[in-house]
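See structure below.
The values are calculated or read from the model by the stated rules, or taken from the named source; none is laboratory data. What you see is a predicted model; the values in this text were computed from it and never measured. Methodologically, a virtual Cβ is constructed for each residue, glycine included, from the backbone with ideal geometry; neighbour enumeration extends over all protein chains shown. In case anyone asks, the SASA skips ligands and DNA or RNA and just uses the protein heavy atoms, side chains included. Shrake-Rupley method; radii C 1.70, N 1.55, O 1.52, S 1.80 Å.
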Amino acid sequence: MIPPPPKALWAAELPRALWMGATWWRHRAELAAAPRGDGRTVMLLPGLGNDDLSNIVLRRYLAAKGYRVHGWGLGRNLGVRSIGRDAGRLIARLESLADNGPVTLIGVSLGGIIARMVAHGRPDLVAGVVTIASPYMGPARATNVWRAFELLTGERVDDPAVIARGAVIAGPLPCPAAAIWSRSDGLVSGRICRDDTIPAVEVRSGHLWVQHRPQVLAAVATILAGWPRVNDQ
């Protein structure tokens, strides 16, 4: 059994996020030094209960680096209530963006899990997947948010269908992938936010607003710049 993060880390989530916001300006040089992109199309997927506004900092940063960046356009992330049980709504959105080739997906928390789900189901539409603090490799009860997941999505974490879907999501992806994770995450265990088959970048961060953290922004830009151009894959 993998335990959820200690309650002390959970309690520290908001203070850590506020401190990160107050000291963000210190990292401008690091952000500017990260490599520029190749113009590929990128879609950002928000975390549980969040919408595209939650990724606005990451979206603006990647756009400034030269990527064509889109939100997922499906409102708040309520899991299958937002994407459909077969992810049909999200797939339709990807199809509308794939005129210039497959789309690179960057997902925060539950958004990363959904990104991996779609990459398995429609590899023709997905050029690569970056997950940020996404607990895709272990049991939902290794988090402090599994009850919120059940409430917002209407699914039960012990449902055999949910467990079977999770096993598929955790399998090796048919495209480039990378995971960004933190061992001091207060909401999800860092142990289940990565696996041995893909590069993993460890950051020092809580879970709340992790996608705004300068170290994460620079890591995303560095990961994407190291992947082959979409048309070269």
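Numbers for the structure displayed
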read-out: Set GLY37, GLY111, GLY21: member being over 17 Å from the mean Cα position of the chain (by Cα) and not in a loop (DSSP other than H, G, I, E, B); value: GLY21
read-out: Selection within segment 48-86 - modelled with pLDDT under 95 and not acidic (Asp, Glu); value: GLY84, ARG85
read-out: Checklist (1) among the basic types (Lys, Arg); (2) within 22 Å of SER54 (Cα to Cα); (3) touching a helix residue (DSSP H, G or I) at 6+ places or on another chain (Cβ under 6 Å); (4) open to solvent by 20 Å² or more (accessible area, probe 1.4 Å) applied to ARG183, failing item; value: (2)
read-out: Number of the exception - TRP24 against (1) out of contact with any helix residue (DSSP H, G or I) (no Cβ under 7 Å at 6 or more places or on another chain); (2) within 30 Å of ASN144 (Cα to Cα); (3) surrounded by fewer than 17 Cβ atoms within 10 Å (Cβ to Cβ); (4) not small (Gly, Ala, Ser); value: (1)
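This table checks each residue for (1) free of Cβ contacts under 8 Å to residues at least 40 places away in the same chain; (2) open to solvent by 10 Å² or more (accessible area, probe 1.4 Å).
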{"position": "ALA33", "(1), (2)": "no, yes"}
{"position": "LEU44", "(1), (2)": "no, no"}
{"position": "ILE56", "(1), (2)": "yes, yes"}
{"position": "ARG68", "(1), (2)": "yes, yes"}
{"position": "ASP86", "(1), (2)": "yes, yes"}
{"position": "PRO102", "(1), (2)": "no, yes"}
{"position": "ARG116", "(1), (2)": "no, no"}
